Amino acid sequence: MKKIFQSLPYLFLTFLIISCNDPNGITINKVIGSPAYENSKLFLTDAVKIDDQYMFSFDIDDYNLGIQTNKDFEYTLANSAKGQHIHFIVDNGPYSAHYDQNFSKNVEEGDVILAFLSRSYHESVKNNQAYVLTQVGEKNNIDLSNEFLFYSRPKGKYSGDDTKKLLLDFYLVNTNISPDGNKVRATINETEFIIDEWAPYYIEGLPLGEVSIKLELIDSTGNLIKTPFNPSNRKVVLE
């Protein structure tokens, strides 16, 4: 089952949905109302190897870690009681959340690191200064000028009201998506969605149990773009 989500012209904050009779009842809809943080910035100032770990140090402008994100909407999205944080991703694996701008991690020579600012409810800040993409050490065997799609949410286990709406969020680097260009194909429990706007989305209508999610960066003709970490595959559990 395929659904195509496209931005309608100008005044319409809705989506064109094709083949909407999904027997599984799964839908995705854009999250509207998050603060934009258009001027927020994240800088990596140091990455020093100490024994078998690296100590990472970041500077941040116009963004506060550890506070709850103000928002103009009601929601049931999973939210961190510890507040806003940094999502830290190694080779497109599951992220770790960090509430301080200095922390240590077990990473290996040549690992690709993506770090970006995250709202308290785990929605990424999507501006071209709110992230850092780098590679650890001297073993630079991946071209960081490639087009990249990194998976962020959903992640882990959800229970109670948190199962009603899951945040679908991903991070794009060196690429854009649009109705006439690249897109993201999201396959959720065999239901396929084509996304042409980089935005956060609610996933609703999921059954309890294990949920499979695949994200693919595709070109304008629907072909998978050959780039590292593409596609992304995850499983989450609703209980």
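Can you give me the C-alpha center-to-center distance between the stretch 98-124 and the stretch 153-192, rounded to a whole angstrom?
Going from one Cα centre to the other spans 19 Å.
Using only alpha carbon pairs under 8 Å that are at least six residues apart, calculate the relative contact order of the chain and give it in whole percent. Display every interim value, and only then the final one.
On the way: 552 pairs, mean separation 48.4, N = 239.
Relative contact order here is 20 percent.
For His122, His98, what ranking results if the residue with the fewest other Cβ atoms within 10 Å of its Cβ goes first?
Numbers: His122 23, His98 19.
Lowest count first: His98, His122.
Taking only the alpha-carbon atoms of the chain, what semi-axes of the equivalent ellipsoid follow from 5 times the gyration tensor eigenvalues under a square root, in whole Å, largest first?
Sorted largest first and rounded, they come to 29, 21, 18 Å.
Express in % the proportion of alpha carbon pairs of the stretch 41-135 at distances exceeding 16 Å.
Details: 2438 of 4465 pairs.
Across the stretch 41-135, Cα pairs with separations above 16 Å total 55 percent.
A short reminder: the numbers here are calculations on the coordinates, not readings from a lab. The shown structure was predicted, so the numbers you read here are calculated from the model rather than taken from an experiment. Quick reminder, even Gly has a Cβ in these numbers, built from the backbone with ideal geometry, and neighbours come from all protein chains shown.
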